[in-house]
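The values are calculated or read from the model by the stated rules, or taken from the named source; none is laboratory data. What you are looking at is a predicted structure, and each value in this text was computed from that prediction instead of being measured. Backbone-built Cβ (ideal geometry, glycine too); neighbour counts: all protein chains shown.
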Amino acid sequence: MSRDSQLPYSAPEAQGIASSAILAFVEAAEKNIDALHSFMLLRHGHVLAEGWWAPYAAERPHMLFSLSKSFTSTAIGMAVAEGRVSVDDLVLSFFPEDAPANPSANLAAMRVHHLLSMSTGHDLDTTPFLRQQPDGNWAKAFLEQPVEHTPGTHFLYNTGATYMLSAIIQKLTGGTLLDYLWPRLLTPLGIEQATWETCPRGINTGGFGLSVTTDAIARFGQLHLQKGMWNGQQIVPAAWVEAASSAQIDNPREPNIDWRQGYGYQFWRCRHGAYRGDGAFGQYCVVMPEQDAVLAITSGLGNMQPPLDLVWEHLLPAMQPTPLPEDHAAQAALDHKLARLALPTQPGQETSPLAAEVSGRTYVFEKNDQDVDAITLDINKSGATLTVRDSNGTHQIAAGYREWLPGTTTLFRGKEYSTAASGAWTSDDTYVIRLCFNETPFCPTVTLRFSGDQLATAWKDNVGFGPTEHPQIIGQAA
């Protein structure tokens, strides 16, 4: 990114917040949350503080999960401004070839507004049914699901509804949602990296699948704080930002307090007059209009409420209406902390009495649920290299000792991902690798326990939509 397009930076005190308050937020997050991956705090249009916990880095995009939804909503707002679509348009009108022969009254009444506000009338999130469609026609699968409630009367978080918004953009423009957003949103904001997953028919998934940098999340939030204005240009209509960030439907049954403040157009209302886009495992774009502030966060969390609690505890009350006196000591302490952020590497010893004996041995596994055919651990001067063979091929992970060793691996679904790994012996017979897929929330731990000619291995995820601990499997030396 050119320096001309960078967001301006400022000392926190010049924008009315103490550096010590930001440091307290960071220290509390490290103490109480496992784990933030990055954050950027903006106030009055200036970056006050930013940090990435190694092996995460500023230049790396991060998987957003449902924070993608807010970008999809913004695309619809732009299409409304262009006269391509109205929030009152009937959903069925876009998909005549995929509509049921005899649609129910509730389906026939469903409008774009209902897709946007998660008030389609469904009792169940439609996403699993979309993924199960043999021919990959997700739109048809969505329209086949029963609509139990009158649209507009029942809140249900429904990622399939956001997919339909993406499908509508593609119907209207002939290109993907991401194609549509590049010249209208991403390029004007100075966002240079963005990828978006697609369904089997090449339509961006809409409700998830977008990956961008933390800086891009912050810019997106700042655009909304500025009511759609960027560098003197009205990119998104102010009326759309107002509608999208206002409560379009009540959601009082949500379990967490910042999830039951009302839902807009693919944005959640928060306490304290704030609103946000967010995604699974802790991806946030928090907009605080009353404080003229934006906070972007990426992370790998099982519980998404605690980071917001820390924002309301440490950052929001520290934001004063006027500049504060300079505090060079506090600023230096904050800068020192931010320059040294890192996730802890795997604790343990560098070597073991068993290291030479097991290094380079291949252990083979009988057929198992984890699809592991063989494992080899090669001990070397920098740490170790783990080689795993499965039905997708042969995959390698290089792990450093007391450092994150960067690399790539195809271990995850056969697709190449950026990684960093560290490893250590936690006892004489056990080697443990902490692995970060450092453009995602996922940082699993792989445990290898050696006993005679056997290797017992177990994989534990930090976060997941299902069980995070996978059954131990045992291999035999070849």
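For residue 229, the criteria (1) touching a Gly at 6+ places or on another chain (Cβ under 6 Å); (2) more than 23 Å from residue 159 (Cβ to Cβ); (3) without any contact (Cβ under 8 Å) to a residue 40 or more places away in the chain hold in every case but one, which is (1). Taken over the range 376-386, residues that are touching a Ser or Thr at 6+ places or on another chain (Cβ under 6 Å) and crowded, with 16+ Cβ neighbours inside 10 Å amount to 2.
Among the residues of the range 346-395, those identified as among the β-branched types (Val, Ile, Thr) and under 17 Å from residue 413 (Cβ atoms) are 372, 388, 394. Taken as a whole, the range 40-62 holds at least one residue that is buried (at least 17 other Cβ atoms within 10 Å of the Cβ), within 23 Å of the chain's Cα centre (by Cα) and of a type in the set (Asp, Glu). Condition test on residue 11, is it aliphatic (A, V, I, L, M) and under 29 Å from residue 340 (Cβ atoms)? When the stated conditions are applied, residue 11 passes them.
Taking the criterion of being of a type in the set (Lys, Arg) and either surrounded by 15 or more Cβ atoms within 10 Å (Cβ to Cβ) or closer than 12 Å to residue 235 by Cβ (or both), the only residue of the range 184-202 that qualifies is 184. Inside the range 285-323, residues that are within 15 Å of residue 48 (Cβ to Cβ) and in a helix (DSSP H, G or I) make up a count of 6. Restricting attention to the range 430-443 and to residues that are touching a residue at least 40 places away in the same chain (Cβ under 8 Å) and assigned to a strand (DSSP E or B), the residue that is farthest from residue 406 (Cα to Cα) turns out to be 431. In the range 254-273, of all residues being more than 20 Å from the chain's Cα centre (by Cα) and not β-branched (Val, Ile, Thr), the one that is surrounded by the fewest Cβ atoms within 10 Å (Cβ to Cβ) corresponds to 255.
Of the candidates 311, 358, the single residue that is over 30 Å from residue 423 (Cα atoms) and either surrounded by 17 or more Cβ atoms within 10 Å (Cβ to Cβ) or modelled with pLDDT under 95 (or both) is 311. Helices (runs of 4 or more DSSP H) fully within the range 90-193 that include at least 3 residues being within 30 Å of residue 231 (Cβ to Cβ): 159-173, 177-181. Residue count for the range 239-250 under the criterion of being surrounded by 20 or more Cβ atoms within 10 Å (Cβ to Cβ) and either in a loop (DSSP other than H, G, I, E, B) or modelled with pLDDT under 95 (or both): the result is 1.
List pairs: first in the range 31-48 and part of a loop (DSSP other than H, G, I, E, B), second of a type in the set (A, V, I, L, M), Cβ under 6 Å, 6+ apart or cross-chain? Within 6 Å, the pairs are 35/343. When we screen 84, 60 for residues that are within 24 Å of residue 243 (Cα to Cα) and either part of a loop (DSSP other than H, G, I, E, B) or not assigned by TED's automatic domain parsing to the domain that holds residue 153 (or both), the only hit is 84.
The residues of the range 375-401 that are over 28 Å from the mean Cα position of the chain (by Cα) and at positive phi amount to a single one, 383.
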